[in-house]
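The values are calculated or read from the model by the stated rules, or taken from the named source; none is laboratory data. Note that the coordinates shown come from a computational prediction; the quantities given were computed from them, not determined experimentally. The accessibility values were calculated without ligands, DNA or RNA, using every heavy atom of the protein model including side chains. Shrake-Rupley method; radii C 1.70, N 1.55, O 1.52, S 1.80 Å.
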Amino acid sequence: METQNLPAIRALRPAWNKGRIVGQKRPLKPKHVWAIRVRLGLAENHRDLALFNLAIDSKLRGCDLV
């Protein structure tokens, strides 16, 4: 039984992360944290403000909280 020579499989589109910086994100600066807190407070979005405060104070990620 003969095996056929199949062409090599090539990706037709470039990789999703080509030319992008991947990896861990930089931490938020204190002025950014307070800006987010103020905006959530002004919007009276109590649920998101509570989750954000809990995440910042406990150093957990959003997916860990939810």
Probe 1.4 Å - accessible area at His46, Å² to nearest ten: 130 Å²
For region 33-40, 3J(HN,Hα) per residue [Karplus equation, 6.51 cos²θ - 1.76 cosθ + 1.60, θ = phi - 60°, Hz, x = Gly/Pro]: 4, 5, 5, 5, 4, 5, 5, 5
